[in-house]
Amino acid sequence: MNSPVMMDQAQRQLFLLFRVQGELYGTPLTGVREIVSYVKPREVPNTKKFYLGIISLRGDVVGVMDMRFWFQDMKPATASTVARALIVFESSSGVMAVAADAIESICQLDNKDIEYAKSIPSSFSAGGMIGLGRFKQGLATLLDVRALLNHVDVAAERKERWAC
């Protein structure tokens, strides 16, 4: 099995292209379980801001993440940047979803059209950053979202008050 980062020259890989805050992202299609219409998640107490909550999807409890907050981009949502779809993945933590503003398309990409990340910031040490891909829609940040979901921690730090 080939990982998205290590492709032979002759190989092509399918990517799901989606938008968040107007930015184009791509993730390997092999990691995507399904795409569903956005459903407002039920909030879960003591979780980080990027963890929107949970939904029920055909009997599975699915955690929902917002990439805007996940990547520290806390711009307020506008009419064009409201989540309209959920991209569902199987992760080591169970079924998880990422909120996307728009689903663009599914595209094939040759190895020569990917600029692989040479140095990866520590926040992507889980292997989630693939690099940049050149598509007809434009330049897309390629992420292995499933790999990122395998290493995400949604619990917020609790601040307890002690009585004196």
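Annotations for the structure displayed:
- Selection of first residues in segment 126-155 that are without any contact (Cβ under 8 Å) to a residue 24 or more places away in the chain and of second residues that are among the acidic types (Asp, Glu) and buried (at least 21 other Cβ atoms within 10 Å of the Cβ), restricted to Cβ pairs under 7 Å at least 6 apart or on distinct chains, gives the following pairs, ordered by first then second residue: Gly128/Asp144.
Here's the yes/no breakdown for (1) closer than 21 Å to Met129 by Cα; (2) modelled with pLDDT under 90:
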{"site": "Leu14", "(1), (2)": "yes, no"}
{"site": "Phe18", "(1), (2)": "yes, no"}
{"site": "Gln21", "(1), (2)": "yes, yes"}
{"site": "Leu24", "(1), (2)": "yes, no"}
{"site": "Arg33", "(1), (2)": "yes, no"}
{"site": "Val44", "(1), (2)": "no, no"}
{"site": "Ala85", "(1), (2)": "no, no"}
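- Test: Lys118 is charged (D, E, K, R), at pLDDT below 55, at negative phi and in a loop (DSSP other than H, G, I, E, B): no
- Ala99 of a type in the set (Gly, Ala, Ser), in contact with a helix residue (DSSP H, G or I) (Cβ under 8 Å, 6 or more places away or on another chain) and modelled with pLDDT of 90 or more: yes
- Among (1) within 17 Å of Ser37 (Cβ to Cβ); (2) modelled with pLDDT under 90, the one test that Phe124 misses: (1)
- Segment 16-55 - residue that is of a type in the set (Val, Ile, Thr) and in a strand (DSSP E or B) and, of those, surrounded by the most Cβ atoms within 10 Å (Cβ to Cβ): Thr27
- Filtered residues of segment 57-67 (kept if surrounded by fewer than 18 Cβ atoms within 10 Å (Cβ to Cβ), within 16 Å of Ser91 (Cα to Cα) and not hydrophobic (A, V, I, L, M, F, W, C)): Asp60
The values are calculated or read from the model by the stated rules, or taken from the named source; none is laboratory data. These numbers were taken from a predicted model, which means no experiment stands behind them. With ideal geometry, Cβ positions are generated from the backbone for all residues, glycine too; neighbour counts draw on all protein chains shown.
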